[in-house]
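Trainee: One structure coming up, written as structure tokens, with questions to follow.
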Amino acid sequence: MRRFAFIIGAALPLIGAQAASAEDVVIRIEAKRGTEAAQTTAQGWSAQFPDVVTFPLSDGWIGIALGPMPREEADARLATLKTEKKVPADSFLSPASGRELTKVAGSAPADAPVDATGGAVVTDAPEAGSPGSTFPTDGTGIAAPADLPAVDAMASPAPADATETAATEPAAATPEAPPPPAQVFIRIESSADRAKAEEILAEYRKTLPEAGLWTLPNGRHVIAVGPFDEFPGEAWLTAFKNAKAVPRDAFLTPATDIGTVAIAGATPAPGVIHPQESDPLPMPPLEDIQRALRWAGHYDGAIDGKDGPMTQSAIASEIVRLRAAPDAATAMAELIARREAWRQGMGLTVLQDPHTGLSLPVPMEKLQFDRAERALSIYGPKNGSGAALILFSQPGGQQEMLDIAGLVTALGWVPQPERKVERGSVTLDGRNQTHIGHAEGKVVDGRAQGFVLIWPISDPEDQHRLAAEISDNLARFAPGAGEAQPEPPAIAPAEPASAPAAPAVQN
């Protein structure tokens, strides 16, 4: 098969003729990572469209597009294709200038239109490496047109001995610097009314504080986030959609089309965008992810290592909140690292309480043992921390567990609690002007056991995190101190005189 490489703009007589192509663009429809996936997908698109092209992106990704073509034509064509649902809803226009565009074999005739803007190259070629192919590749499976001799469209026919001359004295290729990445914005929503647009922006900034407002030439106001380089923009758009932080019809728009700034925004820290394929970052164990998500306040499900919808939703939400990276593996590794740093900063150590036989992580710099009474082991505040911890464990089932929950409420350890009662478990949450109270009880192996955490009202974030750590790690390491001899019956709230006094919590 013949191949043609056209480099436009070298001869002055072409300037006027090609001026209309100065705004040529491509319609970006997809991107795939790796040569095989990109070629397979592009061949599929070529069965529908005659002008499918591919071009290299960063990190081994390959863009798939239609074109090149004038921007006016592309605008109309993209609108029609989206209406007819022939391309993905998030397809967008991207500048053709400076790109190395390779036509997909069989998708266009050899004399198809070419890009004429600042060195973009369109190659009509068989697959690199196929019989008869002399094109080198750059490792992505895309023919490397930069290594080909340029063909001057205005030059005279080659002399008869051109082949011999080329064979004996090959022209040295001049490497070209890669073009700068295209800049894009994530366009979220728009309104013709400025006041309404500002209201919409304020709502989105609750989740996406980097969002800003731009005014288009037609006067319409656009809420958007950016700018991004093109590939990170695609990755963040997907992450925002997965977390339902932007509408499903949000899309990327070139920076040249965003208009003028009305209310300035910012670009989220891009983090790590898709590690190299040869050394991908593995997804951490799901149980570790679930514990880190619970610690962060985005997961209330079981720590079971199952990749269910609740876990997936929590991962998506945390990616948007954390802004470490748009891919789950990198973001979750960062979250787990943050949790571990917090644990060290809090000085968590494993407490093995001999009276109840329970083991759990606690900040002992803030707690000190006070006393043990019946089924309870009580730790009061240390050094004015305002914290307290009560552990309980006794033989029994659902009723004994509820009896202890009643005592916790009566003593004010969890003030005016919201109760969540299920078969085999109970949770209490409440607060007053001075402290937050949280209690959990469970029936485990014929025993009602659990804890009460009292924490200063001024530090709700650490209270939630510490309660999650205790809940996820509470376990029995030995029989309780009173289990060798007969134990009194379950605690009876009806006898307040015999109830243990509450720990003295310093305000």
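Every number in this text was worked out from the coordinates using simple rules, so none of it is lab data. Predicted, not measured: the structure shown is a model, and the values here were computed from it. FYI the Cβ positions are ideal-geometry reconstructions off the backbone, even for glycines, and counts take in every protein chain you see.
Trainee: Could you pull out every residue, at least 5 positions away or on a different chain, whose amide H is within less than 5 Å of the one on residue 368? Hs are placed 1.01 Å off N in the peptide plane, and Pro or chain starts have none.
Mentor: 380, 382
Trainee: What does the net charge come to around residue 462 if you take all other residues with beta carbon closer than 12 Å to its beta carbon, with K and R at +1 and D and E at -1? Please list the in-between numbers first.
Mentor: Working: positive: 343, 366, 465; negative: 459, 461, 469.
So the surrounding residues net to 0.
Trainee: Give, in whole angstrom and from largest to smallest, the semi-axes √(5λ) of the equivalent ellipsoid of segment 348-498, with λ running over the eigenvalues of the Cα gyration tensor.
Mentor: On the way: eigenvalues 100, 64, 43 Å².
Result for segment 348-498: semi-axes of 22, 18, 15 Å.
Trainee: If you rank 236, 214 by fewest surrounding Cβ atoms within 10 Å, what's the result? Working shown, then result.
Mentor: Working: 236 27, 214 24.
Sorted ascending by nearby Cβ count, the order is 214, 236.
Trainee: Follow-up question, since we're still on this one. Among 469, 84, rank each residue by its count of other Cβ atoms within 10 Å, from fewest to most, as a rough exposure measure.
Mentor: On the way: 469 23, 84 8.
Fewest-to-most Cβ neighbours within 10 Å comes out as 84, 469.
Trainee: Just check segment 286-345 against the gyration tensor rule for me: Cα atoms, a ≥ b ≥ c as the square roots of the eigenvalues, rounded for a/c under 1.5, and otherwise prolate or oblate depending on whether a/b exceeds b/c.
Mentor: Working: a/c = 1.77, a/b = 1.16, b/c = 1.52.
Oblate, because a/c is 1.5 or more while a/b does not exceed b/c.
Trainee: In nm, to one decimal, how far is the modelled label at residue 283 from the one at residue 359, with both set 7 Å along Cα→Cβ?
Mentor: Placing both labels 7 Å along Cα→Cβ, they lie 3.0 nm apart.
Trainee: Quick check: pseudo-label points 7 Å beyond the Cα along Cα→Cβ at residue 321 and residue 432, how many nm apart are they?
Mentor: 3.0
Trainee: Still on this structure: List 240, 477 from most exposed to least, where exposure is judged by having the fewest other Cβ atoms within 10 Å. Present the calculation step by step, with values, prior to reporting the outcome.
Mentor: Values: 240 23, 477 13.
With the sparsest Cβ surroundings first, the list reads 477, 240.
Trainee: For residue 38, what charge total do you get from the other residues with a beta carbon under 11 Å from its beta carbon, if Lys and Arg give +1 and Asp and Glu give -1? The partial results should precede the final answer.
Mentor: Numbers: positive: 32, 33; negative: 30, 36.
Net charge in that neighbourhood comes out at 0.
Trainee: From the cross-link list 32/103; 206/241; 85/196; 86/244, which pairs have alpha carbons spaced over 19 Å apart? Before the final figure, lay out the partial values.
Mentor: Details: 32/103 16 Å; 206/241 16 Å; 85/196 30 Å; 86/244 24 Å.
Over 19 Å Cα-Cα: 85/196; 86/244.
Trainee: What's the extension gain from residue 192 to residue 416 if we count 0.36 nm per residue and subtract their Cα-Cα distance?
Mentor: That pair, residue 192 and residue 416, stretches by 75.8 nm at full extension.
Trainee: What ³J(HN,Hα) values, in whole Hz, does the Karplus curve 6.51 cos²θ - 1.76 cosθ + 1.60 give for segment 451-458 when θ = phi - 60°, with x put for Gly and Pro?
Mentor: 8, 10, 10, 10, 9, x, 4, 6
Trainee: What net charge do the residues around residue 259 carry, taking every other residue with its C-beta under 12 Å from that of residue 259, with Lys and Arg at +1 and Asp and Glu at -1?
Mentor: Working: positive: 187, 220; negative: 257.
Once all neighbours under 12 Å are counted, the net charge is +1.
Trainee: Mind running the shape call on segment 183-263? Use the C-alpha gyration tensor, a ≥ b ≥ c as the square roots of the eigenvalues: rounded below 1.5 for a/c, prolate if a/b tops b/c, oblate otherwise. Spell out each step's value before the answer.
Mentor: On the way: a/c = 1.96, a/b = 1.23, b/c = 1.59.
Cα axes put segment 183-263 in the oblate bin.
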